[in-house]
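Structure first, then comments.
The values are calculated or read from the model by the stated rules, or taken from the named source; none is laboratory data. All figures in this text were calculated on a predicted structure; none of them were measured in a lab. No Cβ is skipped: glycine too gets one built from the backbone with ideal geometry, and neighbour counts run over all protein chains shown.
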């Protein structure tokens, strides 16, 4: 069976729906792991155990009554501290917002709550999400859970480290130039930067103290322990925000191909402007060879 804290969110959600795993049980397990593991990793920087337990108990009561309000029903999660969370400290990593507690959720946070998730904490980031590591003056440095002497990447470094450490079911991060994708790669988890515009971005903490904006280039997306989870989470996050709901709706097209052989794969390992380390190149070449053996033209 393994440790439920390290299961995919998809598997956890199925177990909660089936009554095999309780939401409060899983939440308490995560809180215990945070107590034991987080002091060294420093991924989770704010926790609301009391509010989360109330929400988790309500989820368990709904399960007992045969009600499952959404696909994320009962899943305890953390959120990158760049996003506003109602009633929970939200800083953007900036000392000016060290004690800021918003009155409303960011759009992405509201979406996962509506789908049944239990938001119990926030994860670390660089000031205003502006670096490829995860340090700020409020919370200090987040370390890579695989090697505490190395960085987890940025700017969603706390998010990726929390997922990799088994401190949360999944995460919501933000990305412009790699802020989801780089930490996911550094920490060995799955991350997805959605196409601009399909996930509402209202509620991103900007440089105006306490301001809530909808940034013009930033996107919000999931980090998780499986590609299947990313599909599940994007299905919840994608769609018009409340302000746009009357103006448009989301109808993503089906996948263009069904077989691996229908996709073309490019391996670009010799760009003079972006040197690839020999060990990394060997892994990528091995992956390309495996795809080719499986039928994909490389």
Conditions (1) assigned to a strand (DSSP E or B); (2) within 21 Å of residue 184 (Cβ to Cβ): number failed by residue 111: (1)
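Scanning for something modelled with pLDDT of 95 or more, closer than 29 Å to residue 186 by Cβ and exposed (fewer than 15 other Cβ atoms within 10 Å of the Cβ), does segment 76-88 turn up at least one residue?
Here is the first cut: in segment 76-88, the ones modelled with pLDDT of 95 or more are 76-88.
After this cut, where a residue has to be closer than 29 Å to residue 186 by Cβ as well, the list is 76-85, 88.
Adding the requirement that they be exposed (fewer than 15 other Cβ atoms within 10 Å of the Cβ) leaves none.
No; the residues of segment 76-88 include none that is modelled with pLDDT of 95 or more, closer than 29 Å to residue 186 by Cβ and exposed (fewer than 15 other Cβ atoms within 10 Å of the Cβ).
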Restricting attention to segment 102-122, report how many residues are touching a strand residue (DSSP E or B) at 6+ places or on another chain (Cβ under 8 Å) and exposed (fewer than 15 other Cβ atoms within 10 Å of the Cβ). 1
In segment 271-284, the residues that are closer than 19 Å to residue 188 by Cβ and either out of contact with any helix residue (DSSP H, G or I) (no Cβ under 8 Å at 6 or more places or on another chain) or exposed (fewer than 10 other Cβ atoms within 10 Å of the Cβ) (or both): 277, 279, 280, 281, 282, 283, 284
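The rows are residues; the columns are (1) touching a strand residue (DSSP E or B) at 6+ places or on another chain (Cβ under 7 Å); (2) not in a loop (DSSP other than H, G, I, E, B).
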| residue | (1), (2) |
| --- | --- |
| 27 | yes, yes |
| 32 | no, yes |
| 51 | no, yes |
| 54 | no, yes |
| 61 | no, yes |
| 66 | no, no |
| 69 | no, no |
| 74 | yes, no |
Could you please find all residues in segment 47-72 being surrounded by fewer than 20 Cβ atoms within 10 Å (Cβ to Cβ), modelled with pLDDT of 95 or more and closer than 19 Å to residue 8 by Cα? 70, 71
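Hey, does segment 184-195 have a residue that's at pLDDT 90 or above, in a loop (DSSP other than H, G, I, E, B) and farther than 23 Å from residue 161 by Cα?
Our first condition is that a residue be at pLDDT 90 or above; within segment 184-195, this holds for 184-195.
Then keep just the ones that are in a loop (DSSP other than H, G, I, E, B); that gives 188-189, 192-195.
Checking which are farther than 23 Å from residue 161 by Cα leaves us with 195.
Yes, segment 184-195 has at least one match.
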Of the residues in segment 1-24, those that are surrounded by fewer than 17 Cβ atoms within 10 Å (Cβ to Cβ), modelled with pLDDT of 95 or more and in a loop (DSSP other than H, G, I, E, B) come to 3, 18, 19, 20
Tell me the residue from 106, 43 that is touching a helix residue (DSSP H, G or I) at 6+ places or on another chain (Cβ under 8 Å), assigned by TED's automatic domain parsing to the domain that holds residue 151 and touching a residue at least 60 places away in the same chain (Cβ under 8 Å), please. 43
